[in-house]
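*Asks:* What follows is a single structure, and I will ask about it in a moment.
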Amino acid sequence: MADVSRAKQFMPFAALRGYYAMILSKNRVVEPRRELIGDAADRLSAKLGQLKKGMMVRVRFYRVDAYETVEGIVTRVDPEYRYLTIVKTKIPFDDIVDVSGAEVVESD
């Protein structure tokens, strides 16, 4: 028996394809979406206005049914279409709750 054929014999077999991903999705805690109003919305708007390509930031945003946090380098800010891209994650402005980073200044 050739070495390649012998290696195939011992390859892992996933009898329950997608089962573990389904279990992990069931463990996710569903959070209701909160809307920013007043001063909080103004502060977030000021922070979004400071963002530029190449900045290292941490963004907390709402995705599907829970809040997530992504940290990385801003690859695109598109104020016309109202979205921010961090590495390969495209985030609509309306879903963002908080932005922080070394270069992002808190405004009062």
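The values are calculated or read from the model by the stated rules, or taken from the named source; none is laboratory data. Worth saying up front: this structure is predicted, and the values here are computed from it rather than measured. Note that we place each Cβ from the backbone using ideal geometry, even for glycine, and neighbour counts take in every protein chain shown.
*Asks:* Does segment 41-49 contain any residue that is closer than 20 Å to THR89 by Cα and more than 18 Å from the chain's Cα centre (by Cα)?
*Replies:* Yes: one or more hits.
*Asks:* Here is a further query. Mind checking which pairs have a first residue in segment 87-108 that is in contact (Cβ under 8 Å) with a residue 60 or more places away in the chain and a second that is assigned to a strand (DSSP E or B) and not polar (S, T, N, Q), Cβ under 7 Å, 6 or more apart or different chains?
*Replies:* Qualifying pairs under 7 Å: VAL97/ARG60; VAL97/PHE61; VAL97/TYR62; VAL97/TYR67.
*Asks:* Suppose we filter THR85, THR69 for residues that are at pLDDT 90 or above, exposed (fewer than 12 other Cβ atoms within 10 Å of the Cβ) and either touching a Leu at 6+ places or on another chain (Cβ under 7 Å) or outside any loop (DSSP other than H, G, I, E, B) (or both); which single one remains?
*Replies:* THR69
*Asks:* Further question: May I ask you to verify whether ALA21 is small (Gly, Ala, Ser) and either surrounded by 12 or more Cβ atoms within 10 Å (Cβ to Cβ) or assigned to a loop (DSSP other than H, G, I, E, B) (or both)?
*Replies:* No, not satisfied.
*Asks:* Can you tell me which residue is farthest from LEU84 (Cα to Cα) among those in segment 11-62 that are at pLDDT below 85 and among the hydroxyl-bearing types (Ser, Thr, Tyr)?
*Replies:* Across segment 11-62, the extreme among qualifying residues is TYR19.
*Asks:* Could you tell me how many of the residues in segment 52-104 are among the hydroxyl-bearing types (Ser, Thr, Tyr) and closer than 30 Å to LYS26 by Cβ?
*Replies:* Summing the residues that are among the hydroxyl-bearing types (Ser, Thr, Tyr) and closer than 30 Å to LYS26 by Cβ in segment 52-104 gives 6.
*Asks:* Report, ordered by the first and then the second residue, all pairs with beta carbons closer than 6 Å, sequence separation of six or more or different chains, a first member in segment 24-47 that is touching a residue at least 60 places away in the same chain (Cβ under 8 Å) and over 16 Å from ALA66 (Cα atoms), and a second member that is surrounded by 12 or more Cβ atoms within 10 Å (Cβ to Cβ) and β-branched (Val, Ile, Thr).
*Replies:* The qualifying pairs are LYS47/VAL99; LYS47/VAL104.
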